[in-house]
Structures are given as C-alpha cells and as structure tokens.
1. Using θ = phi - 60° and the Karplus relation 6.51 cos²θ - 1.76 cosθ + 1.60, list the HN-Hα couplings for the range 51-64 in order, rounded to whole Hz, with x at every Gly or Pro.
2. Please tell me the relative contact order of the chain in percent, rounded to the nearest whole number, where contacts are Cα pairs under 8 Å and at least six residues apart.
3. Just want the answer: with Cβ charges of +1 for Lys and Arg and -1 for Asp and Glu, which residue in A57, N29, L89 is farthest toward the dipole's positive end in the range 2-91?
4. On full extension of the chain, what length is gained from R54 through R9, given 0.36 nm per residue of separation minus the C-alpha to C-alpha distance?
5. Over the chain, consider all pairs of different Cα atoms and compute the Kirkwood hydrodynamic radius from their mean reciprocal separation; express it in Å, one decimal.
6. Return a single number: how many Lys pairs in the chain, at a sequence separation of 8 or more or on separate chains, have alpha-carbon atoms below 17 angstrom apart.
Amino acid sequence: MANRRELKRNINGLLGDVIEECYESLLNNEGKNEKEVEAIVDEAVDLADDLITRANAAKKLKSGKEMQKHFSDIKEELGDKVISFIEKLNAL
C-alpha cells in the first residue's frame, strides 16, 4: 500500500511545514499573537492525528474505488485546511 504511505508522508510534511511557519512567526514577532499562533499549531496537530487515523482506517474498505474516494477526500481536506492555516497565520 504505497499510496497510504505516501498520503501519510504528505500529511506529516504539509502540516509540519505549517507548524514550522507558525514557530518562525513566533520567533520573528516575539510577544505578539502568541495565543492565536499556538491555537493554529494545536489545530494542525489535531488535524494530522485525525487524517492519519482516517488514512489507516482505509484498510477496512473493500474495493479500490472506495479506497480511492476515501484518499481523495482526505487529500482535499488536507489541502483546504493547509490553505486555511496559512491564511490565518498571514492575517495575524
């Protein structure tokens, strides 16, 4: 199941980049918006946990089409949320 492995790597990579950007923002803007940035980090970590759990749950799906749809939904949510996190961070 190389597809599941790749999906989980993408989840960790993209959300890891978001978290890294958040910490860089904290370092560059000491004392400003700390609580908001920490909230974004918490959301990103929770999302990573949720998406990886959902990717692992794909083992229970019967057909390949169901699995493709499941992975497609996860990828779409990941992309939307990453964009949302970056927009939130840029707005601070």
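Laboratory data are not the source of any read-out in this text; all were calculated from the coordinates shown. This is a predicted model, so every value here is computed, not measured. FYI the Cβ positions are ideal-geometry reconstructions off the backbone, even for glycines, and counts take in every protein chain you see.
1. Karplus values, whole Hz, x for Gly and Pro: 5, 5, 4, 5, 5, 5, 5, 5, 4, 7, 6, 7, 9, x.
2. Reported relative contact order: 38 percent.
3. Towards the positive end, the residue furthest out is A57.
4. 14.8 nm
5. Over the chain, the inverse of the mean reciprocal pair distance is 14.0 Å.
6. 11
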